[in-house]
Every structure is written in C-alpha cells, then in structure tokens.
Amino acid sequence: MLPGEFLPLNVFEPRYLNMLDDVRQGSGHIGIIQTRQGGTPDKPTLSRIGGAGRLVHFDETPDGRYLITLKGVSRFVLTEELETPTPYRVARPDYTPFSQDLEPRSEIEGDRGRLVQMLQAWFQVEHVAADWESVGAAPLVTLVDQLSMIAPFAAAEKQKLLEAENSAERLVTMETILAEHLAGGADGPVQ
C-alpha cells in the first residue's frame, strides 16, 4: 500500500471481514504489512514497515465477500503489536519517518521506454497480460507505484519497493529487480 495509490481488494476470510466491519465503524483506515520468516503459523513475524490506507469504496457481494478499494495514506514503522480479543492483528504505527508521504507526489524522471521494455519482457516470461496502452499513458510516478503494489514480485522484492525512500528511488529499485529477473532467464543482465 503506497501513498496516493488505489488498491482494490477482494476480502473473504472471516477475520478480515470482521476487521472491515470494525474499520467501517471506526476510523476507516487499515494498515497492511507483510509477514516475514519467524513466529508461528498462527502468528507469523511481521515486517518492520507497512502501509496505511483509507477505505474509499465498499461493496458486499451476494456470497458475503467484500470488494473494497483502499487509497494509500502513508507508510509506517511498526512500533508495537497490541494484545486484543479481535481475530485480526492490531498494531501501533509510527508515521513520523514517512512524513513526506503526506505531501503531494510529483512526477519523476526516468527512462519510461526502458522500464516498459523490461516489463514487457518480464511479463512475457511470467505469462502476465497488461494493458500496454494504459501503461504508456500513466504518469511515470503512478506507473512505478502501482506496479510496485500489483505486479507479481516476490514478497521480499515488494518490501524493498515499499521501503524505497520515494518513487524515484522505487523506480531504480524496480529496474534492478527486473534486470535480475530477466538475467535469470537469459544469458546475462539487461543493458
């Protein structure tokens, strides 16, 4: 969940349905954080940094799922996990290190053609379809941040993208990750 971006989700697990019921009655904000190795199957260790979003769309399906959209507000550092009776986890975030996330984003400089070329090659290997016309029309900052959230990167790679200082650094990180993926399926790195 990155600031300023929209993340559509299909929610069906009972604990998260319960969480959304509580969120709708409360602040309307949700923190999303990845797990990492460690902990127990019921309570895996959480990453140090996550993202908070505001619930901007909610729809319930006839089979009881929730189709929601979150709008990213800010990244946060996990300071403490709270003991609660809820079936979902609750934590205390610290937004201070990411105060710049509250500022309006500006366009970034970068080689869009190189990025799109790398994406097309990687998506072909991964058998992922994309609307390349929309990719070409999106502002580069939006393209980089949306891809960081929705492209089929591994969890550790997504965490690196989340932790990048800003969208410009995220672009460099993404190109490095893409080059590594492409080098793995070819004779060497992409130039």
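Read the figures in this text as sums done on the coordinates, not as results from a lab. Values in this document were obtained by computation on a predicted structure and should not be read as measured data. Heads up, the Cβs are rebuilt from the backbone with ideal geometry, glycines too, and the neighbour counts pull from every protein chain shown.
Data overview
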{"quantity": "Dipole magnitude of segment 112-184, debye to nearest 20 (Cβ charges: Lys/Arg +1, Asp/Glu -1, about Cα centre)", "calculated": "80 debye"}
{"quantity": "Computed over segment 51-150, Cα set: Rg, Dmax in Å", "calculated": "17.9, 50"}
{"quantity": "Under 20 Å from LYS43, Cα to Cα: aspartates and glutamates that are on another chain or at least 8 residues apart", "calculated": "GLU13, GLU80, GLU81, GLU83"}
{"quantity": "Charge dipole (segment 50-191, unit charges on Cβ, about Cα centre) - positive-most of VAL144, VAL73, PHE123", "calculated": "VAL73"}
{"quantity": "Karplus 3J(HN,Hα) series, Hz, for segment 43-52 with 6.51 cos²θ - 1.76 cosθ + 1.60 (x for Gly, Pro)", "calculated": "9, x, 5, 9, 5, 7, 10, x, x, 9"}
{"quantity": "Top positive-direction residue, dipole computed over the chain with Cβ charges, set ASN18, ILE33, PHE6", "calculated": "ASN18"}
{"quantity": "In Hz, Karplus ³J(HN,Hα) per residue of segment 165-178 (6.51, -1.76, 1.60; θ = phi - 60°; x = Gly, Pro)", "calculated": "4, 7, 5, 5, 5, 4, 4, 4, 4, 5, 5, 5, 4, 4"}
{"quantity": "Hull volume in cubic angstrom per residue (convex hull over the Cα atoms of the chain)", "calculated": "149 Å³"}
{"quantity": "Max mean-square fluctuation residue, GNM over the chain, Cα-Cα springs under 10 Å, options ARG75, ARG105, ARG24", "calculated": "ARG24"}
{"quantity": "Shape box of segment 112-184 [Cα atoms, principal axes, largest first, Å]", "calculated": "29, 28, 19"}
{"quantity": "Relative intensity, log₁₀ I(q)/I(0), of segment 6-99 from a Debye sum that treats every alpha carbon as a point, q = 0.13, 0.14, 0.16, 0.23 Å⁻¹", "calculated": "-0.47, -0.54, -0.71, -1.35"}
{"quantity": "³J(HN,Hα), Karplus 6.51/-1.76/1.60, whole Hz, each residue of segment 4-18, x for Gly, Pro", "calculated": "x, 9, 9, 10, x, 9, 10, 9, 9, 5, x, 5, 7, 4, 4"}
{"quantity": "Distant-in-sequence amide H partners of SER74 (H built 1.01 Å from N, under 5 Å)", "calculated": "ALA52"}
{"quantity": "Amide H contacts of THR35 (H built 1.01 Å from N, under 5 Å, at least 5 apart or other chain)", "calculated": "SER47"}
